[in-house]
Amino acid sequence: MRIPFGTRHPLRRLSRRTRVLALAIGLTCGAVALANSGAGGEGPRPVTQSEAERLAMMRFNVYEGGPHRVTLTIDNGTDSYVVRGLVDYRTHRAVGSYAAGKAGPGQQKGLIAWDLSGLAVATGAKGTSPSSGVAKIVRATAEVPDARWSPRAYAGYPLDTALRVMMALGADRPDNAQLLAQSGPLRLGESTLRGTSYTRISGPRPKPQVGGEAGKTASPQPRPTGTSPLTYWVDGQGELGRLEIRSGGTERPVTVDFTGHETRVKVPKEPWGESAPRGR
């Protein structure tokens, strides 16, 4: 079993109104911008140079500091997913356990693997409790036979979008802080998470397209416009603590918490068909 994946969708779909467009990340990916307004304080404002520099380091720090323990949560009041696992931005691969639906007899549990091009699940596999430690989850994904994985390419579901966005975060070099600041990120406020203080910053906003004859004449660069579903929680050293992905309206954002660096275990190769032949 190799990624890119096929077309099956073994996980239950979320509500239609929660679907979001596929997102790009960061300035170099042509991304996006203003998320939700900050709670309290002075309200949204353009980032300072210092804040832009921290944001510019964020994707590089994500890349350098991995593998990362992550917890993804989707809860729109009707449907829910929890994915807990390990992401390696150097190999662009991740594994985890998932629980789909509300707690109870109808909740689906399994293992999940994903990369830049798609995902695969192993429904009902051992080690699927979201409360399992990351080492146990990694061991469980390495032990799943190839035939148990159900692979597919990314689609427009909120879970797919969140996994794809999460995987695109890492970059092997810092972004350009000056260009980043000019692309319209906003400081939304300050929050404390797991005992650490974070600045909530919306991502860069795309500039309006200038076409026709007007686009051929020299003129001031248009100001960034539009809104972004992304909010980054960045600490004083440019480390990412949380990513929020908002699909619009008043719906609750998808949250991706970065809960620590993992030095003991690595993302296994087995879900991608790179293990040694079984039965030895």
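The values are calculated or read from the model by the stated rules, or taken from the named source; none is laboratory data. Because the structure is a prediction, the values reported are computed rather than measured. Because the Cβ atoms are built from the backbone with ideal geometry, glycine has one as well, and the counts that use them run over all protein chains shown. Please note that ligands, DNA and RNA were not included when accessible areas were found on the heavy atoms of the full protein model with its side chains. Shrake-Rupley method; radii C 1.70, N 1.55, O 1.52, S 1.80 Å.
Being closer than 16 Å to Tyr98 by Cβ, of a type in the set (Asp, Glu) and touching a Phe, Trp or Tyr at 6+ places or on another chain (Cβ under 7 Å): is that true of Asp172 here?
Considered against the rule, which asks whether it is closer than 16 Å to Tyr98 by Cβ, of a type in the set (Asp, Glu) and touching a Phe, Trp or Tyr at 6+ places or on another chain (Cβ under 7 Å), Asp172 comes out as no.
So if I check each of Ala218, Ala214, Ala276, which one is closer than 27 Å to Ser117 by Cα and modelled with pLDDT under 80? Steps first, answer last, please.
Values: Ala218 fails: closer than 27 Å to Ser117 by Cα; Ala214 fails: closer than 27 Å to Ser117 by Cα.
Going through Ala218, Ala214, Ala276 in turn, the sole match is Ala276.
Taking the residues in segment 236-273 that are at pLDDT 90 or above, part of a loop (DSSP other than H, G, I, E, B) and among the basic types (Lys, Arg) as candidates, determine which candidate is most open to solvent (accessible area, probe 1.4 Å).
The extreme case among them is Lys266.
Of the residues that make up segment 164-184, is at least one in contact with a Gly (Cβ under 6 Å, 6 or more places away or on another chain) and basic (Lys, Arg)?
no
Within the set of pairs 6 or more residues apart or between chains, which connect a residue that is without any contact (Cβ under 8 Å) to a residue 60 or more places away in the chain inside segment 110-125 to a residue that is part of a loop (DSSP other than H, G, I, E, B) and crowded, with 24+ Cβ neighbours inside 10 Å with Cβ atoms less than 6 Å apart?
Filtered contacts from segment 110-125: Ala122/Trp149.
Looking at (1) within 30 Å of Leu186 (Cβ to Cβ); (2) open to solvent by less than 10 Å² (accessible area, probe 1.4 Å); (3) of a type in the set (S, T, N, Q), which one does Thr141 not meet, given that it meets all the others?
In the conditions (1) within 30 Å of Leu186 (Cβ to Cβ); (2) open to solvent by less than 10 Å² (accessible area, probe 1.4 Å); (3) of a type in the set (S, T, N, Q), Thr141 misses (1) alone.
Please identify the pairs in which a residue from segment 189-201 that is free of Cβ contacts under 8 Å to residues at least 12 places away in the same chain and within 10 Å of Val234 (Cα to Cα) has its Cβ atom under 6 Å from the Cβ atom of a residue that is part of a loop (DSSP other than H, G, I, E, B) and open to solvent by 70 Å² or more (accessible area, probe 1.4 Å), counting only partners at least 6 apart or on another chain.
Once the first residue is free of Cβ contacts under 8 Å to residues at least 12 places away in the same chain and within 10 Å of Val234 (Cα to Cα) and sits in segment 189-201, no partner that is part of a loop (DSSP other than H, G, I, E, B) and open to solvent by 70 Å² or more (accessible area, probe 1.4 Å) comes close enough.
Would you mention how many residues in segment 155-186 are touching a Pro at 6+ places or on another chain (Cβ under 9 Å) and open to solvent by 30 Å² or more (accessible area, probe 1.4 Å)?
3
Checking the structure you have, find out if any residue of segment 75-86 is touching a His at 6+ places or on another chain (Cβ under 9 Å) and either within 25 Å of Gly260 (Cβ to Cβ) or open to solvent by 20 Å² or more (accessible area, probe 1.4 Å) (or both). Give the derivation first.
The initial filter retains those residues of segment 75-86 that are touching a His at 6+ places or on another chain (Cβ under 9 Å), namely 86.
Still in the running and either within 25 Å of Gly260 (Cβ to Cβ) or open to solvent by 20 Å² or more (accessible area, probe 1.4 Å) (or both): 86.
The answer is yes; a qualifying residue exists.
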